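Engineer: One structure follows; several queries about it will come next.
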Amino acid sequence: MQDTYSPNGICFGCGPTNEKGLRIKSRVSGDDIVATWRAEKHHEAFEGMLSGGIAGTLLDCHSNWTAAYHLMRRAGTPTPPVTVTAEYTVKLLRPTPTDGPIELGARPVEVSDDRAVVEAELRAGGKVCATARGTFVAVKPGHPAYHRW
């Protein structure tokens, strides 16, 4: 999704052009949005364990794209709106191992004309390691956050 809808995006979590970023690659799978990501050593808090801040960023950006996609579908537009995080909560359930793929899954639980509430989870080693719930809002042209990603 990021490469299709925001090929020049600079976001740390999901911007394709941010060389130091996480470069999440979200994709549609039914009503869910999914991604597979691999950590590098500099993403660790402890040997072999993902930093909680990186886990939160992965969940935030992936959920934001989930909201944007579903707002686009609701509006029937060819491109998603620019969305920002209004609020989100992350629950770190267990340490996230970094020796294999990290899977992200997100789905909308409420969608209105200008906002979506999304629930997401981060899995590694076959276990849910973190969850998130957030509200993401579409911004209008002229808003300081508005740009085409």
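The values are calculated or read from the model by the stated rules, or taken from the named source; none is laboratory data. Here the structure is a predicted model, which is why all the values come from computation and not from measurement. Accessible surface areas use protein heavy atoms only, side chains included; no ligands, DNA or RNA. Shrake-Rupley method; radii C 1.70, N 1.55, O 1.52, S 1.80 Å.
Engineer: Which of rounded, prolate or oblate describes the stretch 15-149 when judged by the alpha-carbon gyration tensor and an a/c cut-off of 1.5?
Structural biologist: Judged from the Cα gyration tensor, the stretch 15-149 comes out prolate (a/c at least 1.5, a/b above b/c).
Engineer: Rolling a 1.4 angstrom probe over the protein chains, ignoring ligands and nucleic acids, what is the accessible area of Arg38 in square angstrom, nearest 10?
Structural biologist: 150
Engineer: Anything over 27 Å Cα to Cα? Flag those among Lys25/Lys140; Lys41/Lys91; Lys20/Lys140, in the order listed.
Structural biologist: Lys20/Lys140
Engineer: Another question, then. Where the accessible area of the stretch 1-142 is counted over protein heavy atoms with a 1.4 Å probe, how much of it, in %, is carbon and sulfur?
Structural biologist: 51
Engineer: What whole-number value in Å² describes the accessible area per residue of the stretch 1-84 for a 1.4 Å probe?
Structural biologist: Counting only protein heavy atoms, the per-residue value for the stretch 1-84 is 49 Å².
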